[in-house]
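Colleague: After the structure tokens below, expect a handful of questions from me.
No lab work stands behind these numbers, since they all come straight from the coordinates. All values derive from a computational prediction rather than experimental measurement. Virtual Cβ from ideal backbone geometry, glycine too; neighbours counted across all protein chains shown.
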Amino acid sequence: MSFRLLPGKPELYHGTNKSRPYFEGWYFKLSSPEDDFSLAVIPGVSVGQDEKDDHSFIQVLFRNESHYVKFPRDKFKCKKDEFKLKVGQNSFSIDRLIVDITDNEFHISAELNFSNHIQLETNLYSPSIMGPFSYLPGMQCNHGVLSLDCKVSGVVNINGRSYNIKGYNGYIEKDWGSEFPKSWLWLQCNGPYGDSGRFSMMCSIASIPIGLIKFKGLIAYVYIDGKQILFSTYNFSKIKKIIKRDKGVEVILKKSGYELHIKAAASDDSVLKAPEAGEMKREILESIKANIDIVLYQFGKEIFSSSYSCGGLETSEISSIIS
């Protein structure tokens with residue numbers, strides 16, 4: 001398995017003609033707790049061990065439904081040096097999404113604009129959320145956060161019902177490599193903070209293989225109205241606790257004087273297809289309407305607390321990463 005190494009450009013397509021097994025997927029999520037609305041659209045490409053299994057796809061999560069629509073691999077088109085991709089006649093970029101797909105009795109069409117992006121702070125040591133691991137070729141799974149928070153407007157039609165999207169909260173990320181880790185958890189939420197501020201959080205903890213070595217990897221951030229705080233393996237943050245609860249998890253992270261407490265409970269689980277040896281054949285549960293409570297301490301003093309609905313929650317075989 002090989003792919004282009006683009007440390008500071010996670011949004012671009014990393015695949016090559018020699019990439020096998022391989023997957024790459026972009027994750028667009030929009031939500032509005034006021035309207036109890038949450039939707040995720042995931043375009044991507046799946047390249048398995050056998051050429052006959054190769055295809056591109058669009059996956060949709062809505063409420064407790066999931067829909068996976070296959071396209072021939074050659075219907076996946078992506079500019080080499082620009083984040084603009086198409087799957088069939090459906091198009092995606094950092095600023096715009098246009099889809100019109102049908103899966104049996106499910107039909108969705110949408111034209112959405114993404115604006116006012118907040119992007120991850122980066123530097124030479126940490127050119128993406130992967131930090132210095134961005135420079136390491138052959139990682140099993142790579143992760144990119146493309147928009148911590150953005151504003152979404154447009155129209156979504158689902159099964160004949162029209163939703164007028166105005167000022168909704170948007171989030172964009174992606175993954176690429178050969179397959180997802182065997183064990184991981186993923187948490188995400190974003191939305192308003194106070195009267196006019198903005199908030200975003202993502203936390204991913206996984207069992208990471210590199211050659212014959214396995215370690216528990218952490219990438220997480222909190223964005224609070226202009227300030228970004230990163231918790232990660234590579235900046236020596238600690239995972240103090242992971243507790244599995246009924247339909248949810250509790251996580252405590254620590255870095256320098258900060259301590260981040262996250263409690264998440266799933267609602268309206270959907271079946272998400274995930275990559276295994278490049279093929280989208282693994283099935284896990286994801287909620288995009290999770291309730292997430294967050295408390296941030298600095299030197300033992302609470303400096304932020306809030307609750308968000310319409311959050312994202314995935315867990316898969318997390319027993320090996322429980323601490």
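Colleague: Starting from the Cα of K75, draw a straight line to each of the aspartates and glutamates and keep only those under 12 Å, dropping any in the same chain fewer than 8 residues away.
Modeller: List returned: D54.
Colleague: Tell me which label goes with the value of Rg/Rh (Cα atoms, Kirkwood Rh) computed from the coordinates here: (1) 1.01; (2) 0.97; (3) 0.94.
Modeller: Label (3) holds the value from this structure.
Colleague: A further question on this structure: 5 Å is the cut-off here: which amide hydrogens, built 1.01 Å from N in the peptide plane, fall below it relative to A274, excluding neighbours closer than 5 in sequence?
Modeller: K281, R282, E283, I284
Colleague: Next question, about the same structure. In a GNM of the chain with a 10 Å cut-off on Cα contacts, which of S196, S287, S183 has the highest mean-square fluctuation?
Modeller: Result for the chain, Cα springs under 10 Å: S196 fluctuates most.
Colleague: Compute a Gaussian network model of the chain, connecting alpha carbons closer than 10 Å, and tell me which residue from G48, G257, G167 fluctuates the most.
Modeller: G257
Colleague: For every other residue with a beta carbon closer than 14 angstrom to the beta carbon of K80, add +1 if it is Lys or Arg and -1 if Asp or Glu, then tell me the sum.
Modeller: Result for the neighbourhood of K80: +2.
Colleague: Right, here's the next one. Within 10 Å, count the other beta carbons around each residue, average over each peptide in 200-207, 271-278, 74-81, and list them highest first.
Modeller: 200-207, 271-278, 74-81
Colleague: Distance from the Cα centre of the range 8-46 to that of the range 263-323, in angstrom?
Modeller: Cα centroid to Cα centroid, the span is 17 Å.
Colleague: Separate question: So, counting K/R as plus one and D/E as minus one, what does the shell of residues with Cβ under 15 Å around I208 add up to?
Modeller: Net charge in that neighbourhood comes out at 0.
Colleague: Now a separate question. Find the centroid of the Cα atoms in the range 93-121 and in the range 170-232, then give the distance between the two in whole Å.
Modeller: With the range 93-121 and the range 170-232 each reduced to a Cα centre, they are spaced 21 Å.
Colleague: Something else about it: What net charge is computed for the residues neighbouring N64, neighbours being all others with C-beta under 12 Å from the C-beta of N64, Lys and Arg scored +1, Asp and Glu -1?
Modeller: -2
Colleague: For a quick protection proxy, order the peptides 111-117, 308-314, 100-106 by their average other-Cβ count within 10 Å, most packed first.
Modeller: 308-314, 111-117, 100-106
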